[in-house]
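Down below is the structure, laid out as structure tokens.
The values are calculated or read from the model by the stated rules, or taken from the named source; none is laboratory data. All values reported here derive from a predicted model rather than from experimental measurement. Positions of Cβ are generated from backbone atoms using ideal geometry, with glycine treated the same way; all protein chains shown enter the neighbour counts.
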Amino acid sequence: MNNYLPLSIISLGILAFATLMLVIAPGIEMARPEPPAGLQPYTVEEQRGRDAYVSMGCLYCHSQQPRAPEQAPDGERGWGRPSVSADYFYDSPHQLGTMRTGPDLLNVGARLPSESWHLTHLYQPRAIFEWSIMPAYPFLFEVKAEAEEGDVVVALPPEFAPAEGVVVASQEALDLTAYLLSLDRTYPAPQDGIRDDGYRPRGDAE
Amino acid sequence: MSSETEQDVPAKPASPRKGRLVKSLIFAGGGTLIIAALGALLYESGLIPGLQRGDQTVASGYFQPPSNDEMPDGAFGDSVRRGQAIFMNTATNASQHVGNGLSCANCHLGEGRQPYSAPMWAAWGRYPQYRAKNDQINTMEDRVMGCFTFSMNAQHSVSGEPPPHGDDIYRDLQSYFYWLASGAPNNTQMEGGGFGTVPKTELGYSPERGQEVFAANCAVCHAGDGQGQKDINGRYVFPPLWGPGSYNWGAGMARINTAAAFIQNNMPLSRPGTLTDQEAWDVAAYINSFERPKDARQGDMTVEETRRLFHDGDDIYYGQEVNGVLLGVGTPDPVRPVGAPE
Amino acid sequence: MTADRRPEQDPRHPDEHFEPYELDASIPWPLLGISIALGVWGAATLFDTRRHEERAQVERVEDTQLATGQAVEPGHALFEASCATCHQPDGLGIRGAVPPLAGSPFVRNGPELVANIMLRGIDGPIRVNDSLYDGHMPSFASVFTDVEVAELASYVTSRWGESNRALEAAEVAELRGRVADLGSFRGGAGVAEDTGFALDEQPTFASGTSQPVSPEISALIFEGRGGQWSCASCHGDLGQGRENTPRLAGLPTDYIVKQLGDFAAGRRINESMAVVVAELSNEEKRALGVYYAGLRVPSNARPDLGGDLERGEQLAREGDWSLTVPSCFSCHGPSGFGVATEFPPLAAQHAPYTASQLAAWAGGQRTNSSLDLMEHISSALSAADRRAVADYLASLPPVPAGSGDMLAEQGEGQ
Amino acid sequence: MVTMGLLLALSFVVSLLALGFLIWAISNKQVAPDQHDARVIFDPGDEGHVESGETATSRPYNFDTVRSGIDAISARPVAVLLIAATVWLVVGSGFGLVSSLKLHLPDWLSDHAPLTFGRVRTLHLNLVIYGWLSQVGIAAMIWILPRIFHTPLRAPRMPLIGAALWNLAVLLGALAIANGWTDGEEWLEIPWQLDLMLALAGFFFMVPLVKTTLARQVHHIYVTGWYFLAGILWFPCLFVIANLPYVHSGVEEATVNWWFAHNVLGLWLTPLGVGTAYYFIPKIIGKPIFSYSVSLLGFWGLALFYSQVGIHHLIGGPVPTWVATLSVVHSVMMFIPVIAVAINQHITVGRNLWALKESLPLRFIAFGALMYTMASFQGSIEALRSVNSVTHFTHYTVGHAHLGAYAFVTITMFGAAYHMLPRMTGRAFRWPALINAHFWLIVVGFAIYFFGLSIGGWLQGLAMLDGTRPFSESVILTKPYLEARSVGGALMTLGHILFAFNVASILLPQRAPETVRTVPAE
């Protein structure tokens, strides 16, 4: 271990091997030319909402990868079937997440399809869940004396409503909600869908 | 820290023993961690038996009858299946001989498997036996005929009588019982057989107290009037407990002690044992304090005579007056036999 | 190696020792042992994964197929699973409640009629072999694929109608298109009339009247009010629900009213529902119940929890007495149609909802069942059992909703 | 994918065989270190004076770095990097504290988008990783490599340009993130356009180090050198591949993301920390490292196994089973290099406990090295599927991440800074008690932080795995632990302010110059 060149070459070789194993090989395995039947591309509005989701850092508290029923009761909680790689066909940047400070959101559009619910919840989560530790996003809303034509008014319980006037959703809030409602991977998983099956009970076959 | 003091400290010869101690400490700590990790690995690979997650049903102390997946094929299996169908849905599959809304399975829960719900695996090996009820040796067929006569009130059925001796209904039912008792000992009293007993209580039993128990624990399913409930297609889901659609006065369940034992050991469904002995006695008394179809053995006799002959000394309201009404006269016969086409 | 002690220091630079270097002690044997052991374990695990993975993926795909209703076993198994709870394995039906298939003129008329009835369902009185039945056969259109309908209709007619004709899936598809918007047959008379088949004399159908919805209730359902979101925004325009938002269509009025009250009283814990029910008057609760009880909507539920459907069927139809769990159907009625107020319909309810409610009972967030029956049953079930039974129930056809309180009355009926 | 799985298993076996061969070779002295090489003397004032006749272990040669002028050349870039790093540390941990507080005070500072949790937390991560840890690590490299190579730093101006670029990029990245411009993946939030600038800055750091290596005056490369030299090769590759725009998408992007994010820890921060510890522990104590063979095993084990652990962040997710299992296996295999490093470092410290009493920097570094062992053991266990099911998605992993990035790397770097600063400036710390205070603040703070999150996270995970408990329970039960975390975090932040004060106090011109003290203080 006294030569710089072999050290460098072997180190980089090992890294290249790791890249092959962790990135390239699974990438090839998961690559598919077509989105699965049932998955729609994001509309312009939903994509704007997705950008807002990314920029607000929702990822740091919300995963988007329901687990298999053998591992966790995600299905029971209404978070949807275990996701497969094809479900993320249109996703970039990916938002799989590593935290569940809040619930998984991959199927929140199916589970909570109410736009008005989401607006209330974004404006003040504690208007619904008093125990919630989700940040409120008042800056996505505007308090107006009176709603104008085309304004979406946020339904609020009296104790959270402003003393005067109404709370109106901004375009960004509407976009974000549109994205949340578009999160719906409840179509049947494609047959060639790939996921980690390591939790399935090991039968005694073979 | 500050260099001056450092220089002044004399060189301290570290004792070799200390070094070894530290070394062994480190190895011990590392070793513990490794053992813990390897243990976790073993657990993970499922190599440690008994520690795996998963559902392991606790085997009960009672005889374990075979499950439905184990039903045999062939002629015997077909007979077992027919027997089970009759057992579960007597009114349809033995329709000519059922004069009320009940099935065998209403009292023999769990498809005739449930302990203390007169399970068939326990009953099978006990026959033929002597029964005081008719003062003779009874075969299983005789016994089932009794069920049709009393519990199913065959008198109101289309045929007006239980299936005649030798009927296929008996063959099939007995095939089913025989199969349920696969491997069960013969001719012994098995743990979990019959309905069990409820010890007598100091207060005795009282329909008035029973009424409250009934309202609190039974009415939800069997309806406030005890007439059971049907689904939207008119199929009985919860059986009627008294009145014309229930068992007649000759049925074992009409005896308060039998009913109390059944109730205590099996009711409310899924929560057996929630009623106290006292409550079981009281509610059994309440249920059996209503009029029901008359005892098949009464014939032309008066209630008084029938009581003396068949119900003497029993815990039963037959032939007694409850709330000013003489019980045992029987509910009126239906216009048409039960289940007859229009 | 010499015993360690404080090294001598260079007086010029008291704490500047030599540049560090390594001694050449050999690798301690425990480390070597650990390395070898871990290496063996790692290789074994990876080889094992290779064997396991393929099978797991096949199994998962099979589950998916089940979930999407692409089971391949024809006729008999489907009949056992979906028809036998009412019509019985021997096709004899239930005396006084469910008409028999054996010897039925409807079955004798061939597989098209059977398929038609399966797709549309029948409401109201029907006469089969001199017996009168007044019940409801659900529509299986949302439950079975064309292939399955074809298989079942062929099976039923060949077994009890002595017809040898095998219906093709394409014919079912065509039939499905034709009857899609027709709703259920109105009793036996409706069948005879709509299809022109020669059936015995059928009783007349007395149509029930459904109550109109008042504008206020309609606004509550579709637009929301004040701080409340609309019902439809979560439960869907047709009350069909999704995921763990329950299907409301066809639930008995009294059941819905009771649940709304229980949300308000905290006997059921659901924060969103608590907000919604806070301002509802009793009249509004009842009006909502009447509205949803009268909705007739095809099932959009699917077994999608990956539960073991066989186990689910066992729990639903037989129970598991070793856990003191009676069958679902012993209280909720055969086929999970429900019985009166206390035992709501389970059929066609969304699997995540059913499973989450069983979990809620087991965990104490839902405490509104009579005699704590559901609390005890749910606690006895494992998580896998909860998923299994929820999935099975989701695979059943929806309860044919009557209008308003008709169903509840019939449920208690004499 | 049977073929894939088979290839994979075979490749693992081949790796193992290679490692086995290495071990065999070492134990048979095939590649035994040239002890002569290890002690080659280079002393510009004393050429030709070779003390080869002496037994090296009892009287190692005292290479005079001070007189050789190596430090004088390294001092400026190191000082610049250290100052910048310290600033980012204080700012970054401030953001960390704010985001910790926001987790239990969700309505605090919620009126402006840049102050929302998702952004503050991101700022914290990026500032401490890129602003603090990477810079202080590079400073340590610039300090150490010339010393072990016995030659002055080449191209000493380049790191200054690099530092300027790097800090500008970090600043712009922070502003971008605060304003919602982000690449949206954990550890890769800084927009790729700014990443170009970081990469360029990295180039300015790399060239002088490589040049110094090539010009080294000793044949033998000390173990620290392996880690550093491999690190500066690995990190640029990781950084560039992971940040390539428009190449990755969907789940493949997630595998890239975690391949990168875990390798930042494993192939960048860990080499920095381990290398630094490997240098300063024997340096301060004045004893050689226990075993060359073991250090070889540690280094190559790290390279082989740590590079493939990243997908354990996606266990149970939408990735092929074999990748997840591969990462699980490699995570567990990490026991080997970690035990190796532990043997080398802890035995040296353990036999010389007296030094902990006397040297404050050693206290930091030895603590950090110990935490490396703990963090890695914890990580290996955490990757097991049964444990991962509980801990993944919970605050437990946050505790673990801080055990690695904070308790190990950061605290080691504190020690390094405290050791380097007096030598760079030729001055002693004026208030050594403050260093002690710093140590205890962060150790106590971290203990509260770590145990709070570990316990809370574990309970949170158990609650989430139990379908009969509503999701709300997992939130409610963690609240007290999140509050404890804020307490611990506040103590740590306070410690960082003390650190900044200490750094400033020694770097700033002193009003009453105490020239008497020419001897650098420990």
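Taken over the range D:266-286, residues that are at pLDDT below 90 and within 9 Å of the chain's Cα centre (by Cα) amount to 0.
Screening the candidates D:L209, D:L194, D:L198 for the property of being at pLDDT 90 or above, closer than 29 Å to D:H248 by Cα and either within 13 Å of chain A (Cβ to nearest Cβ) or under 20 Å from the mean Cα position of the chain (by Cα) (or both) yields one hit, D:L198. Examine the range C:185-208 for a residue that is within 28 Å of A:P103 (Cβ to Cβ), modelled with pLDDT under 90 and not charged (D, E, K, R), and state whether such a residue exists. No; the residues of the range C:185-208 include none that is within 28 Å of A:P103 (Cβ to Cβ), modelled with pLDDT under 90 and not charged (D, E, K, R).
Just name the residue that is surrounded by the most Cβ atoms within 10 Å (Cβ to Cβ) out of those in the range C:74-114 that are in contact with a strand residue (DSSP E or B) (Cβ under 8 Å, 6 or more places away or on another chain) and in a helix (DSSP H, G or I). Among residues in the range C:74-114 that are in contact with a strand residue (DSSP E or B) (Cβ under 8 Å, 6 or more places away or on another chain) and in a helix (DSSP H, G or I), the one surrounded by the most Cβ atoms within 10 Å (Cβ to Cβ) is C:F106. Taking the listed residues B:H165, B:H156, the one that is within 14 Å of chain C (Cβ to nearest Cβ), surrounded by fewer than 24 Cβ atoms within 10 Å (Cβ to Cβ) and closer than 25 Å to B:L309 by Cβ is B:H156, with no other qualifying. Any idea which residue in the range B:168-195 is nearest to the chain's Cα centre (by Cα), counting only those that are surrounded by fewer than 17 Cβ atoms within 10 Å (Cβ to Cβ) and part of a loop (DSSP other than H, G, I, E, B)? The selected residue is B:E191. Could you check, for the range C:271-282, whether at least one of its residues is surrounded by fewer than 21 Cβ atoms within 10 Å (Cβ to Cβ), within 14 Å of chain A (Cβ to nearest Cβ), closer than 21 Å to C:A390 by Cα and not small (G, A, S)? No, the range C:271-282 contains no residue that is surrounded by fewer than 21 Cβ atoms within 10 Å (Cβ to Cβ), within 14 Å of chain A (Cβ to nearest Cβ), closer than 21 Å to C:A390 by Cα and not small (G, A, S). Every condition in (1) surrounded by fewer than 24 Cβ atoms within 10 Å (Cβ to Cβ); (2) at the interface with chain A (Cβ under 10 Å from one of its Cβ atoms) holds for D:G286 except the one numbered (2).
Okay, residues lined up against (1) of a type in the set (D, E); (2) buried (at least 24 other Cβ atoms within 10 Å of the Cβ); (3) more than 10 Å from chain A (Cβ to nearest Cβ); (4) closer than 15 Å to D:V323 by Cβ:
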site	(1), (2), (3), (4)
D:I241	no, no, no, no
D:Y246	no, no, no, no
D:L272	no, yes, yes, no
D:Y279	no, yes, yes, no
D:S307	no, yes, no, yes
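The range A:1-94 holds helices (runs of 4 or more DSSP H) entirely within its bounds, and those carrying 3 or more residues that are of a type in the set (D, E) and either facing chain D (nearest Cβ under 7 Å) or within 27 Å of D:T182 (Cα to Cα) (or both) map to A:44-56. What do you reckon, is C:N129 surrounded by 23 or more Cβ atoms within 10 Å (Cβ to Cβ) and of a type in the set (S, T, N, Q)? No, not satisfied.
For the range C:329-343, filtered to residues that are surrounded by fewer than 24 Cβ atoms within 10 Å (Cβ to Cβ) and assigned to a loop (DSSP other than H, G, I, E, B), the residue that is farthest from the other protein chains (Cβ to nearest Cβ) is C:T341. Among the residues of the range A:105-152, those identified as under 25 Å from C:A232 (Cα atoms) and of a type in the set (F, W, Y) are A:W117, A:Y123, A:F129, A:F141. Of all the residues that make up the range D:462-474, how many are touching a residue at least 12 places away in the same chain (Cβ under 8 Å) and at the interface with chain A (Cβ under 9 Å from one of its Cβ atoms)? Going through the range D:462-474 one residue at a time, the tally reaches 3. Inspect the range C:138-155 for any residue being within 11 Å of another protein chain (Cβ to nearest Cβ) and either touching a Leu at 6+ places or on another chain (Cβ under 7 Å) or surrounded by 23 or more Cβ atoms within 10 Å (Cβ to Cβ) (or both) and give the result as yes or no. Yes, there is a match, as at least one residue in the range C:138-155 is within 11 Å of another protein chain (Cβ to nearest Cβ) and either touching a Leu at 6+ places or on another chain (Cβ under 7 Å) or surrounded by 23 or more Cβ atoms within 10 Å (Cβ to Cβ) (or both). All conditions but one from (1) within 29 Å of D:I315 (Cβ to Cβ); (2) within 7 Å of chain D (Cβ to nearest Cβ); (3) touching a helix residue (DSSP H, G or I) at 6+ places or on another chain (Cβ under 6 Å) apply to A:F139; the one that does not is (1).
The set of residues from the range D:206-234 being outside any loop (DSSP other than H, G, I, E, B) and among the basic types (K, R) comprises just one member, D:K211.
Just give me the residues in the range D:100-126 being within 7 Å of chain A (Cβ to nearest Cβ) and within 17 Å of D:G184 (Cβ to Cβ), in sequence order.
D:A113, D:T116, D:F117, D:G118, D:R119, D:R121, D:T122
Residue count for the range C:360-379, restricted to those that are within 12 Å of A:E76 (Cβ to Cβ), out of contact with any strand residue (DSSP E or B) (no Cβ under 9 Å at 6 or more places or on another chain) and either aliphatic (A, V, I, L, M) or away from chain D (no Cβ under 13 Å) (or both): 1.
Applying the set (1) under 30 Å from A:R48 (Cα atoms); (2) modelled with pLDDT under 95; (3) in a helix (DSSP H, G or I) to D:C237 leaves exactly one unmet item: (1). Say whether the condition of being outside the structural domain of C:A380 (by TED's automatic domain parsing) and more than 26 Å from C:R60 (Cα to Cα) is met by at least one residue in the range C:317-328. Scanning the range C:317-328, I find no residue that is outside the structural domain of C:A380 (by TED's automatic domain parsing) and more than 26 Å from C:R60 (Cα to Cα), so the answer is no.
Can you confirm whether the range C:296-307 contains a residue that is small (G, A, S), in contact with a Lys or Arg (Cβ under 7 Å, 6 or more places away or on another chain), crowded, with 24+ Cβ neighbours inside 10 Å and within 14 Å of chain B (Cβ to nearest Cβ)? Among the residues of the range C:296-307, at least one is small (G, A, S), in contact with a Lys or Arg (Cβ under 7 Å, 6 or more places away or on another chain), crowded, with 24+ Cβ neighbours inside 10 Å and within 14 Å of chain B (Cβ to nearest Cβ), which makes the answer yes.
Please tell me if B:G112 is modelled with pLDDT under 85 and outside the structural domain of B:Q264 (by TED's automatic domain parsing). The answer is no for B:G112. Looking across the range C:98-131, the residues that are more than 24 Å from the chain's Cα centre (by Cα) and at the interface with chain B (Cβ under 9 Å from one of its Cβ atoms) come down to C:P100, C:R127, C:N129, C:D130, C:S131.
For the range C:316-332, indicate whether the set of residues that are of a type in the set (G, A, S) and over 22 Å from B:P239 (Cβ atoms) is non-empty. Yes: the range C:316-332 contains one or more residues that are of a type in the set (G, A, S) and over 22 Å from B:P239 (Cβ atoms).
Could you tell me whether any residue of the range A:136-143 is touching a Pro at 6+ places or on another chain (Cβ under 7 Å) and free of Cβ contacts under 8 Å to residues at least 40 places away in the same chain? Within the range A:136-143, one or more residues are touching a Pro at 6+ places or on another chain (Cβ under 7 Å) and free of Cβ contacts under 8 Å to residues at least 40 places away in the same chain.
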